1. If you take every residue apart from B:Gly354 with its C-beta less than 15 Å away from the C-beta of B:Gly354, what net charge results, scoring Lys and Arg +1 and Asp and Glu -1?
2. At 7 Å along Cα-to-Cβ for each site, give me the label-to-label distance between A:Gln350 and A:Ile445 in nm.
3. Quick check: pseudo-label points 7 Å beyond the Cα along Cα→Cβ at B:Met120 and B:Asp312, how many nm apart are they?
4. Take the alpha carbon atoms of the protein assembly as shown, find their radius of gyration, then divide it by 2.2 N^0.38 Å using N residues; give the quotient.
5. Just to verify a number: what accessible area does A:Tyr82 come out at with the full protein assembly present, 1.4 Å probe, Å² rounded to tens?
6. With charges only on Cβ, +1 for K and R and -1 for D and E, what is the dipole size of segment B:2-84 about its Cα centre, in debye, rounded to 20?
7. Would you mind counting up the charge near B:Ala131? Only other residues with Cβ under 13 Å from its Cβ, with Lys and Arg at +1 and Asp and Glu at -1.
8. Among B:Ala129, B:Ser7, B:Tyr49, whose Cα lies farthest out toward the positive end of the dipole of segment B:1-148, if unit charges sit on the beta carbon of Lys, Arg (+1) and Asp, Glu (-1)?
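The values are calculated or read from the model by the stated rules, or taken from the named source; none is laboratory data. Everything numeric in this text was worked out from a predicted model, so none of it was measured. Using ideal geometry, Cβ is built from the backbone for each residue, glycine included, and neighbour counts are taken over all protein chains shown. With ligands, DNA and RNA removed, areas are computed over all heavy atoms of the protein, side chains included. Shrake-Rupley method; radii C 1.70, N 1.55, O 1.52, S 1.80 Å.
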Amino acid sequence: MLRARMCVSALCHRSGTFVLRWVNICRKIACVQSAVGPVRWKTYCSPAPFLTATPTRALIDEPITLEGHHLPPHSPITVRAYMHNEDGDLWEALSHYNTDEMGVVNMTTDESVGGSYVGCEPMGLFWALQPAPGEREGLRLRKKNVETPYSVQLSLLEGHIPVPPSEGSNKEQWQRGEQELAAVTVERWYMAPGVRRIEIRQNGVVGTLFLPPGPGPFPAMVDLWGMGGGLIEYRSALFASRGFASLSLAYFGHKDIPGPLNTINVGDAYFKAAFQFLQDHPQVCGDRLGIIGLSFGVYLALRIATQIGVNPRCVIGVNGPIGSFNKLSDSDGQTESFEGDQKHWSYDEQGYVSFREVSMPNNIPPENKAKVENLCCPLLYIVGEDDLSCAAIENADEIEKKLKDAGRSHLFTRLSYLGAGHLIEPPYTPNARSSMWTTRPKKLITLWGGHLAPHAAAQEDAWKRTLEFMERHLRG
Amino acid sequence: MSEKAASPLLLLHPTRGLIDEKFSVMVQNLPQIQDITLHALIHSDDGDYWEAFGHYVSDATGLVNVANDSSLGGTYDGVEPMGLLWSMRPVPGSRIGLRLRKKEVHTPMVVHISVYRGHMSQGFREQAALASVVTERWYMAPGVRRVDITEGGVTGTLFLPPGPGPFPALLDLWGGGGGLVEYRSALLASHGFVSLALEYMTPRTSGGSTSHVGNKYFEAAFTILKQHPQVCGDRIAILGLSFGTSVALGMAVYSTVIQPRCLVCVSGSHVQQVKGSLSDVFSEINKNVRNTRYDEENRVIWRDLLLPIPTDPTKKVDVGQMKCPVLMIVGEDDQNWPATESAEDMKQMMERAGNSHLLTTLSYPGAGHLIEPPYSPHIRASNFMVAGTRQKLVVLWGGETAPHSHAQEDSWKKTLAFLEEHLYRSTEVTSPSNL
């Protein structure tokens with residue numbers, strides 16, 4: 001026994017990382033102990049380091065404080081975040097820190113010295129998540145079922161573990177789990193408790209309504225996305241979690257909207273019906289409605305606000321055009337397919353397509369542009385300067401000019417973000433610089449633009465400013 | 001188009017938290033100097049409704065902030081940030097003798113917080129609220145694992161924090177109510193401790209009769225923890241409430257198998273047959289059953305059954321031989337066990353033996369017997385089924401709601417700090433080496 005103890009001590013002195021080796025040895029001794037029965041020898045066991053997250057259950061837009069304790073002082077450690085999305089793909093991020101003299105690391109105040117991001121980034125582990133090596137290409141992290149959370153595992157690992165190369169590496173080579181010192185799990189929610197999700201299929205309107213808890217009445221938003229189509233709920237869910245009713249509205253590529261999936265089959269009457277539905281809802285303040293649009297949704301928001309006889313209190317536009325390349329039918333006839341005319345599509349050296357030129361104001365027929373000069377309410381226009389999908393800067397300039405010419409400059413506020421791309425979404429979620437656009441007739445990946453760190457900073461700031469803008473104009 | 005003003009804004013943060021976390025509650029956009037009532041409502045797993053309410057007046061900016069403002073009446077008064085939870089009681093018309101205890105720890109307690117116009121004390125169901133929010137209160141943090149334990153004749157539930165460990169551990173013992181009570185262990189695992197909630201006061205675990213729970217049972221439970229690959233075998237504590245304290249004290253002093261790093265003893269006593277077992281404690285209690293008293297509502301007071309504290313040393317655990325730190329938590333209004341008198345006697349015994357530096361006693365005026373994790377509603381009495389005879393009574397636990405609730409908050413904070421100190425930070429090994 002004594003010899004065994006001395007042997008172990010010698011091992012520990014040689015290694016230099018005393019506590020951590022000791023932990024591993026203790027674990028092994030404990031295993032032997034259970035295997036051979038109640039051996040009466042002492043295990044001087046040091047408990048594992050501690051990784052805490054505050055809070056462990058948060059909304060998507062809430063920062064989480066991560067701290068490591070009981071670590072060796074002045075030592076390199078890696079914090080790893082990993083999660084599976086709803087399709088089962090693995091996403092991960094790593095960051096390298098050095099513990100302080102007390103063996104503590106605090107990711108809200110300390111600087112990452114390497115990994116998926118560098119510098120002081122309290123939420124870096126979440127916005128820097130990327131598909132793990134070997135996962136499918138062209139992925140974008142988007143929550144379909146907003147009634148369940150993302151469950152993210154966070155681990156403390158010994159040393160500075162390199163970020164896996166994005167291509168060509170063998171997953172089995174990754175020795176994950178063996179050097180894990182501590183772990184914690186966090187849940188990230190789009191819906192606060194009590195928020196109600198209601199599917200809307202009435203008066204021809206196809207959408208999902210999110211209501212905050214309580215009797216209301218609440219100010220409300222119409223929430224419009226782009227030509228990806230379908231029905232995207234997560235931003236509306238988050239608005240409702242922040243006290244605003246919100247209607248996510250489908251208008252293209254949804255099975256419950258009659259007509260072909262690759263054309264826009266609705267017109268002004270549809271959007272008016274949607275706006276009216278919200279206005280008339282017993283739990284909505286009918287005169288406190290706003291509209292938010294991203295991408296093509298910006299054109300729709302501007303058109304709704306100026307041409308169909310409704311009076312929103314404010315409009316928010318993110319990286320979208322003043323007009324439509326394809327004419328939006330007034331009489332609910334069909335538009336041409338977006339993919340019909342590809343003359344303005346451009347391709348990079350990898351064959352990824354950029355739609356940026358499609359929305360250049362000069363490429364949009366004047367009769368297809370929203371009558372922005374008739375806008376009566378404040379407009380917050382958010383620009384990602386590295387937007388490769390929409391000519392956001394040029395459209396912002398055109399909208400600003402038209403408002404100025406109409407004596408309505410005071411209505412226009414622009415937020416412009418260097419290094420941010422097209423998909424400026426709720427914060428602390430990873431940017432996709434490109435993603436799969438379609439697989440038929442063949443695989444096509446589209447460019448959105450944006451670099452990870454500046455895009456993340458843009459999302460954080462833009463979301464804060466968006467909520468402030470809504471508070472001021474819808475609740476003030 | 002009618003102009004509907006935006007309603008008052010009720011802000012609660014966090015909307016999802018652990019059961020022992022504080023929340024902030026604010027109401028904005030009210031008319032100034034407006035009487036309002038804040039109301040909390042729980043629909044328990046058993047189907048009962050519990051509620052609490054406080055009366056407030058908005059300030060000149062139309063704001064009420066529960067952290068700073070005084071409740072002028074209701075189920076609590078004064079500045080009480082968490083009063084909406086701990087002052088809850090069954091709604092009028094409920095069954096009598098209820099106690100709010102979460103059995104299913106995988107799901108949260110869901111609390112509805114609402115604001116009403118005026119100062120109301122009843123009729124909340126019939127009145128429309130101005131605003132309301134929902135908060136979830138969880139016993140289990142995400143990633144905490146729950147494992148059924150049925151090995152070696154031991155029945156319990158093991159809760160493990162996320163991660164590889166190894167972790168310090170707790171043997172979690174409740175009292176005479178019996179059954180398998182998991183929520184405190186779930187919460188302890190959420191704070192970084194492996195915790196084994198042990199079932200021991202039911203016929204299943206004691207060969208058909210509660211009085212036959214032997215010491216070997218507890219030693220087997222302790223050994224399960226000690227041998228668990230994710231537990232630091234020399235960093236195990238025992239947390240006992242009521243009868244659980246009897247077990248903790250007796251085994252810590254007399255068992256050669258059970259060598260805890262520290263003890264937390266809540267609302268219990270060291271009075272028991274020396275080197276006896278739990279059945280001996282029962283015998284002693286039954287001898288004095290004539291000392292049972294009843295209050296004005298015919299509720300059972302059992303505190304005298306172990307009084308007076310014996311002077312005969314064979315009738316109480318020799319705490320002078322205690323080798324590990326002990327945290328004693330007692331409510332001075334405990335009507336169920338003579339916890340205050342026992343704690344005082346223990347202190348004297350340990351002073352005579354020279355080991356009183358190991359004893360820390362937290363004594364709370366106005367607190368009763370059931371000192372549990374904070375913010376759960378205080379009840380002065382509840383239905384109780386005597387293990388063994390299955391006789392149904394209403395037992396008086398004691399305590400006044402406000403001081404009892406403050407005691408729960410303070411003692412839990414100190415319990416976690418005590419466990420952190422002795423199980424995580426301490427490097428001193430108190431048990432002798434067997435090498």
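1. Counting the neighbours of B:Gly354, the net charge comes to +1.
2. 0.3 nm
3. Between B:Met120 and B:Asp312, the simple spin-label model gives 6.1 nm.
4. Normalised Rg, Cα atoms only: 1.09.
5. A:Tyr82 exposes around 60 Å² with every protein chain in place.
6. Numbers: 3 positive and 12 negative charges, 72 e Å.
So the magnitude is around 340 debye.
7. Numbers: positive: A:Arg475, B:Arg117; negative: none.
Around B:Ala131, the surrounding residues sum to +2.
8. Going by the Cα projections, it comes out as B:Tyr49.
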